[in-house]
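Below: the structure, in structure tokens.
The values are calculated or read from the model by the stated rules, or taken from the named source; none is laboratory data. As the structure is a computational prediction, the values presented were derived from the model and not from experiment. Here the Cβ positions follow ideal geometry from the backbone for every residue, glycine too, while neighbour counts run over all protein chains shown. The accessibility values were calculated without ligands, DNA or RNA, using every heavy atom of the protein model including side chains. Shrake-Rupley method; radii C 1.70, N 1.55, O 1.52, S 1.80 Å.
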Amino acid sequence: MNWKTRVDLALEVRRRGGRLRELSVSTGEGANFWDNDYLGLATHPEVLAAAARALARSGSSASPLISGYQQEHAELEECLAGLYGDRSVLVWNSGYAANSAVLGALPARGDVVLADRLIHRSMIEGILRSGARLVRWDHNDAEHLESLLSRFCEQDRDVFVVCESVYSMDGDLAPLREIAELKRRFPFFWLVDEAHALGWYGGSGEGLCGELGVLDAVDLLVGTLGKAWAGLGAFTVFRDAVLRDFFVNFGSEFIYSTYLPPACAAAAREAISVSQGMREELGNARRRSRFFRDALRREGLDTWEGDSPIVPIVVGEDRVAVELARRLALAGLRVGCVRPPTVPEGEARLRVSLKVNWDEVSLWKVACLIAATLREVRRA
């Protein structure tokens, strides 16, 4: 079978299943419940001004080991190090690049990676490339993880445990305290992706590990700059500083790509600074997240408890999810529509991303609109 036939067949399978992905231009119209700008900093005047001041040139114009690593990147790393007890930090072009590079280069053939079943695709890509054995543990099931640690840590090999702190499609929280306790008993390397926890959790917005007091047990933390912190790129925080040197020398995604534009680094640094003054607003936002979930359940919708900014509404059928999202957009409400293979079969859903500026009255109206529209779709 030649490449053209393979491509045509793959696309036809997606098309027949109603799962063909297509790009559409985001116009910015309607109530925004679909992007990851949880703190509303992407258009904050101080963040925009910081980016503008760094626009002496449009890009870094080179990889970081040539001339791409500039003052703005160094200042951002210094800022991030301050959030994490002066640990070593490295800035990357994206969270996907960071996860793929770290898990592609650090584990080796013969090692075992124990990964939560719902980790991001970027992590899976890296693990598969590493040659290490991938073993999945049931989502957020610390007891299952413990049983696997008892099995694999008895042998002469490195064992890695990989999870997210807040899961991007479910909005639920990992059992970080339980895993930290397991770290006291088993010799494993622990990597946590805090992409969707940064800014929202922690006394300084450093994430859920910091808020729960387990940061000292984490060997490598991955964070992104393009969600709550409104920029672009990602970073890794290392408990052992030698790992920064290792990835500067062996992280292909870091070495061989033109580096993050300085303006993005400057914008992220300013966003982190602005977010420090938003702790009271974020406390209120987390309470409203719980309120919104309760409102959805009272309207008969399928979601679950929590206070993260990500609220899933599971509707089941792909067709229903797509039509529901379409009708809500026509009504002026923009939400994410997520179908398999991104989520499990039969769990197509809306993905609602909350912002700090939505009040309870507005959230109640949104819950009622979604419920009423879903009933219309199911009757059609």
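Brief remarks follow.
- Qualifying residue in segment 36-51 (condition: open to solvent by 80 Å² or more (accessible area, probe 1.4 Å) and of a type in the set (D, E, K, R)): yes
- Once segment 83-94 is narrowed to residues that are open to solvent by 30 Å² or more (accessible area, probe 1.4 Å) and not hydroxyl-bearing (Ser, Thr, Tyr), the residue that is farthest from Glu211 (Cα to Cα) is Asn93.
- Qualifying positions in segment 348-361 - open to solvent by 30 Å² or more (accessible area, probe 1.4 Å), of a type outside the set (Phe, Trp, Tyr) and at pLDDT below 95: Asn357, Asp359
- Of the residues making up segment 352-380, those that are of a type in the set (A, V, I, L, M, F, W, C) and over 25 Å from the mean Cα position of the chain (by Cα) are Val361, Trp364, Cys368, Leu369, Ala371, Ala372, Leu374, Val377, Ala380.
- Scan of segment 327-347 for residues that are over 13 Å from Ile370 (Cβ atoms) and open to solvent by 20 Å² or more (accessible area, probe 1.4 Å), ordered by number: Leu330, Arg339, Pro341, Thr342, Pro344, Glu345, Gly346, Glu347
- Residues (hydroxyl-bearing (Ser, Thr, Tyr) and in a loop (DSSP other than H, G, I, E, B)) located in segment 61-119: Ser61, Ser63, Tyr69, Tyr84, Ser94
- Candidates are the residues of segment 64-82 that are over 21 Å from the mean Cα position of the chain (by Cα) and either among the hydroxyl-bearing types (Ser, Thr, Tyr) or within 18 Å of Phe246 (Cβ to Cβ) (or both); the one that is least open to solvent (accessible area, probe 1.4 Å) is Pro64.
- Of the residues making up segment 126-153, those that are open to solvent by less than 60 Å² (accessible area, probe 1.4 Å), free of Cβ contacts under 8 Å to residues at least 24 places away in the same chain and of a type in the set (A, V, I, L, M, F, W, C) are Leu134, Val135, Trp137.
- Arg239 meets each of the listed conditions (1) surrounded by fewer than 24 Cβ atoms within 10 Å (Cβ to Cβ); (2) of a type outside the set (A, V, I, L, M); (3) closer than 21 Å to Gly277 by Cβ apart from (3).
Let's see how each residue does on (1) more than 26 Å from Gly202 (Cα to Cα); (2) surrounded by fewer than 18 Cβ atoms within 10 Å (Cβ to Cβ):
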| site | (1), (2) |
| --- | --- |
| Leu118 | no, no |
| Gln155 | yes, yes |
| Val159 | yes, no |
| Arg177 | no, yes |
| Leu182 | no, no |
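- If the condition is being modelled with pLDDT of 85 or more and either in contact with a helix residue (DSSP H, G or I) (Cβ under 9 Å, 6 or more places away or on another chain) or closer than 24 Å to Tyr256 by Cβ (or both), then segment 41-59 contributes Leu41, Ala42, His44, Glu46, Val47, Leu48, Ala49, Ala50, Ala51, Ala52, Arg53, Ala54.
- Just one residue in the set Ser257, Ser273, Ser252, Ser308 is crowded, with 22+ Cβ neighbours inside 10 Å and small (Gly, Ala, Ser); that residue is Ser308.
- One residue stands out in segment 95-116 among those that are open to solvent by 40 Å² or more (accessible area, probe 1.4 Å) and under 20 Å from Ser252 (Cα atoms): the one that is nearest to the chain's Cα centre (by Cα), namely Tyr96.
- Within segment 120-134, being under 27 Å from Gly207 (Cα atoms) and in contact with a helix residue (DSSP H, G or I) (Cβ under 6 Å, 6 or more places away or on another chain) holds for Ser122, Met123, Glu125, Gly126, Ile127, Leu134.
- Residue within segment 186-205 that is over 19 Å from Ser165 (Cα atoms) and open to solvent by 10 Å² or more (accessible area, probe 1.4 Å) present: yes
- Residue selected from segment 216-234 under the condition closer than 17 Å to Asp86 by Cα and surrounded by fewer than 24 Cβ atoms within 10 Å (Cβ to Cβ), by the criterion nearest to the chain's Cα centre (by Cα): Leu220
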